[in-house]
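Before any comments, here is the structure.
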Amino acid sequence: MNRMINIVLVESSSILTEGLIGILNKSELKCQVTICPSFDDLEQILFRKKYDFLIVNPSFILSNPKYFKTLKSQHNNLKTIGLIYSWYDPKNLYLFDGLITISETPDIIISNIKKLLEDTSENDQNALQEVLSNRETDVLKLLATGLANKEIADKLNISTHTVISHRKNISQKTGIKSVSGLTIYAVVQKLVSIDSISD
Amino acid sequence: MFQTNNIYITSDLKMSDIIFNNPYLLHLAEHFGMNVPVKDKSVKKLCEENDLNPELFLTFANLYNGVKYTPKDPLTHHDILNIIKYLKNNHKFYTDEIYPNILRTIHQMAEINDHKEMALVPRFFLDYFNEVAEHLEYENKVVHPYVLELYEQRINPTSTRKPQIYSAKEYQEHHSDIEDKLNDLKNLLIKYLPYKDDQILRRKLILKLFDLENDLNIHSQIEELILIPLVSEMESQLNKSK
């Protein structure tokens with residue numbers, strides 16, 4: 001795991017935010033933490049960037065669980081963690097994907113976060129490696145020569161749906177989304193020659 | 001680690017102090033027609049001189065600082081003219097200044113770096129620039145006149161002209177395209193394009209792209225979080241009065 005992990009921390013107490021950030025920074029996880037002192041600003045923060053984790057003081061959400069559920073459904077790759085430092089009714093805590101309790105040692109906190117990271121679907125795991133699979137390389141080569149998804153599917157004897165899923169992975173691995181950008185990438189990686197790309 | 005060192009801006013602060021804190025506010029001031037030097041005038045004073053609702057300025061300025069600001073009195077259709085003025089000037093800044101400037105840097109870099117893949121980059125950017133220009137043109141020619149027409153009807157309801165329909169959804173799709181290609185170029189420059197004596201130009205270029213991305217991000221937040229809600233409000237007000 002050497003990917004940057006983006007975290008939003010919704011907590012108003014600086015003792016807690018500073019403390020948790022200290023623990024994260026000392027661990028081997030590479031985290032970028034955005035502090036959000038109130039729940040009102042959260043929507044705007046989530047709108048700006050893609051985050052992996054939302055660590056939140058449960059009292060913010062217990063007053064409005066419906067809003068929290070909507071938020072989760074809008075950002076389905078976002079894992080939520082409750083930051084627990086007083087007693088909450090356990091039936092309310094099922095809304096979270098994981099929990100951090102302040103009595104836990106740093107090791108346990110970090111290992112719980114890592115566990116949640118491993119839970120990410122196989123697709124995401126695959127995307128964490130930067131090297132393209134053989135099939136993805138095939139798709140990229142054809143894409144760079146100017147073929148459309150349907151034409152690529154016919155050439156490789158796979159469904160258009162599969163082509164699209166390969167393309168998603170290619171973009172995740174390279175960080176490049178547009179066809180013209182991927183074409184330059186394919187030339188750089190010597191997957192296609194500069195003469196073979198259509199204009 | 002992300003931290004915002006930028007201050008929460010209020011109207012009693014001096015304009016010079018907030019510019020020292022975040023010099024990118026120069027863009028904002030300029031788009032609203034406030035030019036440096038600003039002497040020791042407060043934000044409030046400068047807003048008055050420029051016929052600008054201070055609450056509107058504070059909403060924008062705090063957005064530049066990454067801080068959410070809730071205006072004391074909600075923004076209304078009376079702010080529309082100044083919002084459009086800002087957006088128009090910002091468009092002009094993109095098309096006349098920043099994009100051509102980046103394009104020049106790319107050409108200079110392609111002259112020094114003669115790897116053949118580098119030759120594809122000016123073309124990539126030019127195509128992208130054209131797409132952006134087309135989108136901005138669409139906003140200038142379709143969206144802004146529509147908003148101004150709504151505004152005219154709102155202040156003068158007797159007018160019977162019917163504004164044409166435009167779709168806020170289409171608007172947002174355009175935006176994500178613009179951001180994607182910019183991000184692609186950053187990835188190519190930082191991770192992939194082979195190096196050849198281009199260190200200084202490449203660094204300049206990357207930093208310019210980050211600045212542009214940040215500016216575009218603020219621009220679309222202003223449209224999506226401030227302009228579009230006001231437009232919907234004017235639309236529903238007008239529908240009610242019919």
Task: Residue check for residue B:97: in contact with a helix residue (DSSP H, G or I) (Cβ under 9 Å, 6 or more places away or on another chain) and free of Cβ contacts under 8 Å to residues at least 24 places away in the same chain - done: no
- [ ] May I ask you to verify whether residue A:118 is more than 14 Å from chain B (Cβ to nearest Cβ) and within 17 Å of the chain's Cα centre (by Cα)?
- [x] yes
TODO: Only helices (runs of 4 or more DSSP H) wholly contained in the range A:10-102 count here; list those with 3 or more residues that are buried (at least 16 other Cβ atoms within 10 Å of the Cβ).
DONE: A:14-26, A:42-48, A:58-62, A:65-74
TODO: Being more than 13 Å from chain A (Cβ to nearest Cβ) and polar (S, T, N, Q) is the filter here, so list the residues in the range B:219-242 that pass it.
DONE: B:232, B:236, B:237, B:239, B:241
Open item on the list: Given the condition without any contact (Cβ under 8 Å) to a residue 24 or more places away in the chain, over 21 Å from residue B:85 (Cα atoms) and of a type in the set (A, V, I, L, M, F, W, C), answer yes or no: does some residue in the range B:3-10 qualify?
Closed with: no
Task: Selected residue (criterion: farthest from the other protein chains (Cβ to nearest Cβ)) from residues of the range A:45-86 that are farther than 15 Å from residue A:9 by Cβ and polar (S, T, N, Q) - done: A:86
TODO: Give the residues of the range B:181-218 that are buried (at least 16 other Cβ atoms within 10 Å of the Cβ), within 9 Å of chain A (Cβ to nearest Cβ) and among the charged types (D, E, K, R), sorted by residue number.
DONE: B:181, B:184, B:186
- [ ] Take residue B:8 and decide whether it is touching a helix residue (DSSP H, G or I) at 6+ places or on another chain (Cβ under 6 Å), within 14 Å of chain A (Cβ to nearest Cβ) and closer than 26 Å to residue A:8 by Cα.
- [x] no
Task: Any hit, the range A:189-198, residues being assigned to a helix (DSSP H, G or I) and either in contact with a Phe, Trp or Tyr (Cβ under 9 Å, 6 or more places away or on another chain) or closer than 19 Å to residue A:131 by Cβ (or both) - done: no
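Looking only at the range B:22-41, count how many residues are farther than 19 Å from residue B:53 by Cα and free of Cβ contacts under 8 Å to residues at least 24 places away in the same chain. Show your work before the answer.
The initial filter retains those residues of the range B:22-41 that are farther than 19 Å from residue B:53 by Cα, namely B:22-24, B:36-37, B:39-40.
Now drop any that are not free of Cβ contacts under 8 Å to residues at least 24 places away in the same chain, which leaves B:23, B:36-37, B:39.
Number satisfying all stated conditions: 4.
Residues are listed down the side, and each one gets a yes or a no for (1) loosely packed, with under 14 Cβ neighbours inside 10 Å; (2) part of a loop (DSSP other than H, G, I, E, B); (3) away from every other protein chain (no Cβ under 14 Å):
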{"site": "B:37", "(1), (2), (3)": "yes, yes, yes"}
{"site": "B:47", "(1), (2), (3)": "no, no, yes"}
{"site": "B:52", "(1), (2), (3)": "no, yes, yes"}
{"site": "B:57", "(1), (2), (3)": "no, no, yes"}
{"site": "B:68", "(1), (2), (3)": "no, yes, no"}
{"site": "B:85", "(1), (2), (3)": "no, no, yes"}
{"site": "B:89", "(1), (2), (3)": "no, no, yes"}
{"site": "B:97", "(1), (2), (3)": "yes, no, yes"}
{"site": "B:100", "(1), (2), (3)": "yes, no, yes"}
Open item on the list: For the range B:123-145, give me each residue that is farther than 18 Å from residue B:179 by Cβ and touching a residue at least 60 places away in the same chain (Cβ under 8 Å).
Closed with: B:144
Open item on the list: Quick test for you: out of A:29, A:42, A:54, A:16, pick the one residue that is in contact (Cβ under 8 Å) with a residue 40 or more places away in the chain, under 21 Å from the mean Cα position of the chain (by Cα) and within 17 Å of residue A:83 (Cα to Cα).
Closed with: A:54
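Throughout, read-outs are computed from the coordinates displayed, never taken from laboratory work. Here the structure is a predicted model, which means the values were calculated and not measured. All Cβ positions, even for glycine, are placed from backbone atoms using ideal geometry, and neighbour counts span all protein chains on display.
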